[in-house]
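First the structure, in the form of structure tokens, and then the observations on it.
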Amino acid sequence: MRLPPKALSPNARGHWAKRGRAYRRYKEDACLLALAAQGGPAGRREWRRARVVCHFFYRVRRRRDGDNLIASMKAAFDGLEAAGVIRNDSGLIQTPPRITIDPRRRPGVEIELNEAHPHGR
């Protein structure tokens, strides 16, 4: 999926309405992509806990703050909950983001989810 809009960065300084529109659009995009990846509503699964890895792809090498990258993905995580992938986004176990620089690849982010079992099973 596309990178989160700049308005969703925790460091963004903009109007609340612009942030709200960006949040709703990004959440909807994540929800639709998650439903498509599951094969539609019929293939829906609802995990209690899941480990999430966000893999960011950029064309230009520069310093990026991993904590801010994860924070900017909040709307996408809410979209996963809306799609029924996870029961509640508080059940997401967030791992440090992966960042790849590839001048030939279109910038974007891939979200990898794996069910996390309680007690390490």
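Read-outs throughout are calculated quantities, based only on the coordinates presented, and are distinct from any laboratory measurement. Since the model is a prediction, treat every value here as computed from it, not as a measurement. Note: ideal-geometry Cβ built from the backbone for every residue, glycine included; neighbour counts use all protein chains shown.
Would you work out which of Val109, Ala83, Val52 lies farthest towards the positive end of the dipole of the chain? Charges go on Cβ: Lys and Arg +1, Asp and Glu -1.
Most positive-ward Cα: Val109.
In whole Å, largest first, what are the principal axis extents of the Cα atoms in region 6-120?
For region 6-120, the Cα extents along the three principal axes come out at 38, 32, 28 Å.
Relative contact order, percent, of the chain when contacts are C-alpha pairs under 8 Å separated by at least 6 residues?
Working: 199 pairs, mean separation 46.1, N = 121.
Rounded, it is 38 percent for the chain.
Please give the charge dipole size of region 6-120, origin at the Cα centre, charges +1 on K and R Cβ atoms and -1 on D and E Cβ atoms. Round to the nearest 20 debye. It would help to have the intermediate numbers written out before the result.
Details: 24 positive and 12 negative charges, 130 e Å.
For region 6-120, the charge dipole is close to 620 debye.
Calculate how many DSSP beta bridges within the chain are antiparallel, expressed in % of all such bridges and rounded to the nearest 5.
On the way: 8 of 16 bridges.
Of those bridges, close to 50 percent are antiparallel.
Which value in nm describes the separation of the simple spin-label points at Arg106 and Leu32, placed 7 Å from the Cα toward the beta carbon?
Roughly 1.4 nm, to one decimal.
Which value in nm describes the separation of the simple spin-label points at Arg13 and His55, placed 7 Å from the Cα toward the beta carbon?
Computed distance between label sites Arg13 and His55 equals 3.6 nm.
For region 92-105, what does the Karplus curve 6.51 cos²θ - 1.76 cosθ + 1.60, with θ = phi - 60°, yield as ³J(HN,Hα) per residue in whole Hz, taken in order and with x for Gly and Pro?
Once θ is set to phi - 60°, the couplings for region 92-105 become 7, 9, 8, 9, x, x, 9, 10, 10, 9, 8, x, 8, 8 Hz.
Checking a compactness column here: for region 45-85, what do you get for Rg(Cα) / (2.2 N^0.38 Å), N being the number of residues?
Values: Rg = 12.8 Å, N = 41, 2.2 N^0.38 = 9.0 Å.
Normalised Rg, Cα atoms only: 1.42.
To the nearest 0.05, what FRET efficiency results for Glu46 and Arg98 with a Förster distance of 30 Å applied to their C-beta separation?
Working: r = 26 Å, r/R0 = 0.86.
It comes out at approximately 0.70.
To test your reading of the geometry: what angle, between 0 and 90 degrees and rounded to tens, separates the Cα axis of helix 16-37 from the longest principal axis of the chain?
Between the helix axis and the principal axis of the chain, the angle is about 50 degrees.
Can you give the calculated 222 nm mean residue ellipticity of the chain, where each DSSP H run of n ≥ 4 adds -39,500 (n - 2.57) and the sum is split over every residue, rounded to the nearest 500 deg cm²/dmol? Can you show the working numbers first?
Details: 3 runs with 37 residues, N = 121.
Roughly -9500 deg cm²/dmol at 222 nm, from the helical runs in the chain.
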